[in-house]
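What follows is a set of notes on a single structure, which appears directly below.
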Protein chains: 6
Amino acid sequence: MNLADMSWTTVKEAVCKDPNPRIIIPVGSVEQHGPHLPLSTDTIIAEHIATRVASQVPCILFPTLSISYSLEHADFPGTVSFTLQTFSSIIAEIADNLLNSGFKTLIVINGHGGNRAILDSSITSIKHAHPDLELYSFTILDIARKRFREIRKSTRTMIGHADELETSMMLAILPGVVQMSKAVTEEPTFPPSISLESEDLVNVTYGWKTKDVTKSGVIGNPNFATPETGRLLLDYVVQTISSIIGT
Amino acid sequence: MNLADMSWTTVKEAVCKDPNPRIIIPVGSVEQHGPHLPLSTDTIIAEHIATRVASQVPCILFPTLSISYSLEHADFPGTVSFTLQTFSSIIAEIADNLLNSGFKTLIVINGHGGNRAILDSSITSIKHAHPDLELYSFTILDIARKRFREIRKSTRTMIGHADELETSMMLAILPGVVQMSKAVTEEPTFPPSISLESEDLVNVTYGWKTKDVTKSGVIGNPNFATPETGRLLLDYVVQTISSIIGT
Amino acid sequence: MNLADMSWTTVKEAVCKDPNPRIIIPVGSVEQHGPHLPLSTDTIIAEHIATRVASQVPCILFPTLSISYSLEHADFPGTVSFTLQTFSSIIAEIADNLLNSGFKTLIVINGHGGNRAILDSSITSIKHAHPDLELYSFTILDIARKRFREIRKSTRTMIGHADELETSMMLAILPGVVQMSKAVTEEPTFPPSISLESEDLVNVTYGWKTKDVTKSGVIGNPNFATPETGRLLLDYVVQTISSIIGT
Amino acid sequence: MNLADMSWTTVKEAVCKDPNPRIIIPVGSVEQHGPHLPLSTDTIIAEHIATRVASQVPCILFPTLSISYSLEHADFPGTVSFTLQTFSSIIAEIADNLLNSGFKTLIVINGHGGNRAILDSSITSIKHAHPDLELYSFTILDIARKRFREIRKSTRTMIGHADELETSMMLAILPGVVQMSKAVTEEPTFPPSISLESEDLVNVTYGWKTKDVTKSGVIGNPNFATPETGRLLLDYVVQTISSIIGT
Amino acid sequence: MNLADMSWTTVKEAVCKDPNPRIIIPVGSVEQHGPHLPLSTDTIIAEHIATRVASQVPCILFPTLSISYSLEHADFPGTVSFTLQTFSSIIAEIADNLLNSGFKTLIVINGHGGNRAILDSSITSIKHAHPDLELYSFTILDIARKRFREIRKSTRTMIGHADELETSMMLAILPGVVQMSKAVTEEPTFPPSISLESEDLVNVTYGWKTKDVTKSGVIGNPNFATPETGRLLLDYVVQTISSIIGT
Amino acid sequence: MNLADMSWTTVKEAVCKDPNPRIIIPVGSVEQHGPHLPLSTDTIIAEHIATRVASQVPCILFPTLSISYSLEHADFPGTVSFTLQTFSSIIAEIADNLLNSGFKTLIVINGHGGNRAILDSSITSIKHAHPDLELYSFTILDIARKRFREIRKSTRTMIGHADELETSMMLAILPGVVQMSKAVTEEPTFPPSISLESEDLVNVTYGWKTKDVTKSGVIGNPNFATPETGRLLLDYVVQTISSIIGT
């Protein structure tokens, strides 16, 4: 059930009769995803996952936050990003309002990898301000990556942007918006001492701008993408989230 | 054309070949609209108008801002509002980004009357910061009201919320989400010296909270609403905006 | 009675014995008003109106806020304007303090048209923070304009700045500071599709800087100004405000 | 010459023809000054001093900031104080604007002792942001105190508020607003180890609220005040400031 | 070489003669670490690692930030934490200053796991503001955990606080401050669906406060700690960081 | 006893058994002190004084704030300064946390003269927010100056930076870090009307940047410095602070 479609009286009833009213907040982005994917790629994926989770688990669905924290892509036309201060205020104020409306559990489902850090640190603040609120944040890419390693065709696990992983998901959800004929592959070199394979990326956060490491905005090989890979990844993510937040 | 559907390369091309690239930013709200209308009423109306304007006038369409400045309704469950500081930062930062992307004209189409003041004062700031940016802000209700006075069935021109005017528009756009059986009429009394007829409301801004003046959240009489009234109002608003921003 | 002239003990007594202690906050500006009017034009007009209202209605008078939100005039030497964030904090903090002092009603009388939006949106915030506070905001020009249309000599109702309307008021209040010999007339063209007549300005907010539309800072024809026009306008504004806030 | 009385063209001329255009910013307060002095005591004194300095030294006079940073008096009705963040933004933004108008030297003449610290730290920021701006800040009480020690009747040099010093100045400037019949004397004890004599107050800043140390809001003995003392102090302050800023 | 020990002339020389002057910023915390470890545990570990890295790799060492972002521990006396807004400003302003001083690479070595998210999101902002600055952030616990899994005695890989991992490091660095007799073991249960084993913690961020899941502040089993384990972990972390930032 | 060395349980016990638990917060800086003194000069002096005071008076010692408000020195490499807004938030948030931990008295011991104003104005805010908290702030240089005037070799009492006074203290505390061979003397001229002798500096705050008045960063004559002078000054400061805060 979408919050947007409900009246205030319906929200009130729903919140009153449920001992643990939960709400899912999908977070997308307006951010370059190479020449072959739309700026709303993260929004489309986050809404797809959130809608499926909400159909399995009794939750209300909040309107997707379509703009988030994408400063690393700011050099590419069409990208729109809030500052750290504004985006963290956005998250905190939404939580304040939803708590006032009677919700007891907030579940963020985030489609943009670059948002994870700011969402995580915001959750610490919100939990501090509202100790009784239950808070979950899921970043789709971080969940998908485990399954991706098992099924990918790409020869390396990249940090990845508009790559086999994201493109596959998009081919599975909304193939009409993917322009595979424009898909290019870029495998940027980071400082030679940083492997883009996952272990180093656990060990270090390196400041980078997409423009400095790619020309197209793509990091990875979208040409390996298939709808089948996308479906396997999406199913895995939906299953993982649903199983953690329970029923 | 929706910005969200474009890739960054398409945005770049569109912006480069157009001497005056324009973008429309629809602004909705998540805000109570009585028991018979959804929380997203303003969003639905703003997107409807913006889409029609963008089909008549060469403009790109930005993703709708679905949460805005609705503190007066904050006592009703489901309402979500940013603070003044955060919402004005949101507008300012979006403008910064769109300017960086190459847009030269920003056109806000706002579905929530309570946003007009904060949008107007934000525009002053943005124009000061970016003198070359051309900026328009339209508030749908303020435009519709003139036509409404000619065709309404309601016996008084109220400040209005979820009333004949808004309900008619919703019946014209998306009748399936309007629950007329739940529509109630409330005609609140403001301090006796303030007439809710328009002249006094030009003369004074009076601080009020919906909860203090209504029980249902409705200000006005939605039972007079008809799809015909809605269509006339929507046509008038689309026509007015298109004619001001030109072609 | 001016708050500034009272001691804290007198304020305490006044507030205690009055079931609804009210305070008027005049808001002026330090802002260009063409070559013939002083920078404090809005301050002089706001103080004049506020003093007369306070003599008719039992209210305490707060010291005039002499600097406000005038970014559209910032290119003209002598103009001083706060940012949106600072001016809205100023208003909110004054309200907090006056509430703590025991005042129950705040009445803003605003001399600068460009302040209306930021005052209106601030009032929404203050009412949200302090639901028991009664709040009114009057913008002198918006009230005067109705009467002005009936008596003006100018051939068009302009958005107006340092024009027949403002100059007439100044001639009525403090003729010694008006230098009519320097008064120039400018009737700027806005984007051709925007009529400066009132209906379009209800329909759209257009971002503009005075410097881009005038050379002198004047928008309108101050040479039509007379003290008689000024007196009629001032009387009308005082009467309108007094009648709305009651006795 | 008051900036408020000038038109923008006059300001432009004045600033252009003067190699070092200077502007004086008087800072007052809306703050309790015991039962016998008005809330605007600091404003009256600051304006008096500033006006006399501006008559001796070629300077333009800015409108007095009538509200400042008076949190220590916030428990007394009528006191109005900005927060630290807002008042420092006010100062910084005024400086930005005056620099843009062409002024090269800013001279703050401050009537409220409690403002000195926030003004001093703001000046460090402003100088950092605008290295070419020349900045002076004078706090009237700090200057007057030296002369006061030579001529006072009070038996101790107190931290002082609404005391012999301030009351004398007010008797000299505007005796009509001083209600000597209501003047009470309070000589609060601070923590026993802190002498209110000057040396300890150089050595330590102790956090205090007026309400915790006095009942009347007075710290000191206003009954010793005379217009003669006031005149001597005022002359001394005017002379000191004029001599430091030169001619 | 510690920045604190250098004069400005030495800094200038060092920065000028080095084509890539690098600076390490250790980040600690003032935060509960159970009854057996000091509040400065993270500071001690971060300084130890940073000092050893700086002895292997030509870098200057910045003074340790001893207070950071520890809101999850705020219920335990002695914990001191900045808000999200303040701590992110601290990081951003230090970066601005170090860039002005001529540094080209900033390397954060962070001792508090809870800081990783806010540091990561800050780095995105700083890189956006200063594209030429090279930025690395290392969180010691995240690096140590991999090695820890190979050598730990604890029967589960917990999220961990003041546990075998941290206590071992402290026994290796500064055994005199560890009070093993006070070490207690707590193995909190999180919502049953969240395994504290690493995979789930990659998949979800769950909002928690230490006080809600433990009584002592310990999460894990510090009684398994040994100096040998600590040395192996510290060596591994120093080696990993040094190898990534190179020589 | 250092807070950093305590566990949370020890803090809890200490705070519970003491009717007036006090904590000393030393404030240093990272700021140029000429070619002969380290950037941490203020930190070293503040920690020395604070440690000695804490050994005489029962107090807990907070970790030194090693970065503060040093914008006037920002042109010299190695200087790191927070903005006014950030540093005042730092102080306010630390106070909030220490109050939550149970401390009732906060004692700031500040080693950088330029911090006094921002600390003083912050204390007003903190006292306003937390009326029951007892707050002291000591600025070492301001205390030392009185004794310095009696024993100095320098021929004038300058505003002073890295001068005989500070260099003497450093020779007494940590002679190994003082490079007397690099000590240079600069006696800058301020605007001719401002004597750097103390009376004028009481009378006026003048905005200055070190770079504009010196080449070396030194204001004064460090070559007169001796460890004996340093010891006398340090003893005097420790004695003065201890006697004010009592036992």
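Things to note:
- Phi to ³J(HN,Hα) by Karplus 6.51 cos²θ - 1.76 cosθ + 1.60 over segment B:70-80, Hz, x for Gly, Pro: 10, 4, 5, 9, 4, 6, 9, x, x, 5, 10
- Exercise: per-residue mean of other protein chain Cβ atoms within 10 Å, C:109-115: 1
- Expressed in units of 2.2 N^0.38 Å, where N is the residue count, the Cα radius of gyration of chain C is 1.02.
- Two-decimal log10 I(q)/I(0) for segment F:62-195, as the Debye equation yields it once each C-alpha is a single scatterer, q = 0.13, 0.19, 0.22 Å⁻¹: -0.71, -1.22, -1.41
- Environment charge at A:H130 (Cβ cut-off 13 Å; Lys +1, Arg +1, Asp -1, Glu -1): -2
- Student exercise, chain F dipole from Lys, Arg, Asp, Glu Cβ charges, in Debye to nearest 20: 300
- Here the protein assembly as shown is treated with +1 on each Lys and Arg Cβ and -1 on each Asp and Glu Cβ, and its dipole about the Cα centre works out to around 0 debye.
- Scaling against 2.2 N^0.38 Å puts the C-alpha radius of gyration of segment F:1-88 at 1.30.
- Taking all Cα pairs closer than 8 Å and separated by 6 or more residues, the relative contact order of segment F:121-234 comes to 40 percent.
- Relative contact order [Cα under 8 Å, 6+ residues apart], chain E, whole percent: 23
- Of the whole protein surface, A:C16 contributes about 100 Å² of accessible area at a 1.4 Å probe radius.
- Segment B:97-115 versus segment E:106-160: alpha-carbon centroid distance in Å: 38
- For B:Q179, the point set 7 Å out from Cα toward Cβ sits 4.4, 6.0, 6.1, 6.7, 7.8 nm from its twins in the other copies, listed from shortest up.
- Nearest-0.05 FRET efficiency for D:S195 and C:K104, computed from C-beta distance (R0 51 Å): 0.70
- Long-range amide H partners of D:V108 with built H, under 5 Å: D:I25, D:Y136, D:S137, D:F138
- Placing a label point 7 Å from the Cα of C:D235 along the Cα-to-Cβ direction, no residue of segment C:44-63 has a backbone N closer than 12 Å.
- Charge dipole of segment A:3-98 (Cα centre as origin; +1 on each Lys and Arg Cβ, -1 on each Asp and Glu Cβ, all else neutral): 340 debye, rounded to the nearest 20.
- Lysines whose Cα lies under 24 Å from that of D:K12, excluding same-chain neighbours fewer than 8 positions away: B:K127, C:K182, C:K209, C:K211, C:K215, D:K104, D:K127
- For D:N20, label point 7 Å along C-beta direction: distances to other copies, nm: 5.0, 5.0, 5.0, 5.7, 7.3
- Protein heavy-atom accessible surface, 1.4 Å probe, per residue over chain D: 32 Å².
- 3J(HN,Hα) from dihedral phi, segment A:127-142, Karplus parametrisation 6.51/-1.76/1.60, rounded to Hz, x for glycine, proline: 4, 5, 6, 10, x, 8, 7, 9, 10, 10, 10, 10, 10, 3, 4, 5
- Model label points for F:L174 and B:D142, set 7 angstrom from Cα along the Cα-to-Cβ axis, are 6.1 nm apart.
- Multiplying each eigenvalue of the alpha-carbon gyration tensor of segment C:35-86 by 5 and taking the square root yields semi-axes of 26, 15, 6 Å, largest first, rounded to whole angstroms.
- Shielding by partners, peptide B:202-215 (average Cβ within 10 angstrom, other chains): 6
- ³J(HN,Hα) computed for each position of segment C:14-30 - Karplus, 6.51 cos²θ - 1.76 cosθ + 1.60, integer Hz, glycine/proline x: 4, 6, 6, 7, 9, x, 9, x, 10, 9, 9, 10, x, 10, x, 7, 10
- Only helices enter the 222 nm calculation for chain A: every DSSP H run of n ≥ 4 contributes -39,500 (n - 2.57), and dividing by all residues gives -13500 deg cm²/dmol, rounded to 500.
- In terms of its Cα atoms, the protein assembly as shown spans 93, 89, 55 Å along the principal axes, sorted from long to short.
- C:S243 paired with D:C16, simple spin-label distance in nm, labels 7 Å along Cα-to-beta-carbon: 4.8
- Distances between copies of C:P192, taken at a point 7 Å out from Cα along the Cα→Cβ vector and listed shortest first: 5.5, 6.4, 6.4, 7.4, 8.7 nm.
- Mean per-residue shielding of peptide D:31-42 is 4, counting Cβ atoms of other chains within 10 Å of each Cβ.
- Segment C:71-95-segment A:182-247 distance, computed between alpha-carbon centres (Å): 46
- Our analysis of segment B:13-64 gives Rg over Rh at 1.15, with the two radii drawn from alpha carbon positions and Rh computed by the Kirkwood formula.
- Two-decimal log10 I(q)/I(0) for segment F:41-137, as the Debye equation yields it once each C-alpha is a single scatterer, q = 0.12, 0.13, 0.14, 0.18 Å⁻¹: -0.40, -0.47, -0.54, -0.88
- Note on segment C:103-154: dipole from Cβ charges, positive end direction compared against C:T105, C:S137, C:I126; the farthest Cα belongs to C:S137.
- Cα-based convex hull volume of segment C:155-247 per residue, rounded to whole Å³: 127
- Axis-nearest residue in chain E [Cβ, rotation onto D], distance in whole Å: E:Q85, 7
The values are calculated or read from the model by the stated rules, or taken from the named source; none is laboratory data. Everything numeric in this text was worked out from a predicted model, so none of it was measured. Methodologically, a virtual Cβ is constructed for each residue, glycine included, from the backbone with ideal geometry; neighbour enumeration extends over all protein chains shown. Accessible surface areas use protein heavy atoms only, side chains included; no ligands, DNA or RNA. Shrake-Rupley method; radii C 1.70, N 1.55, O 1.52, S 1.80 Å.
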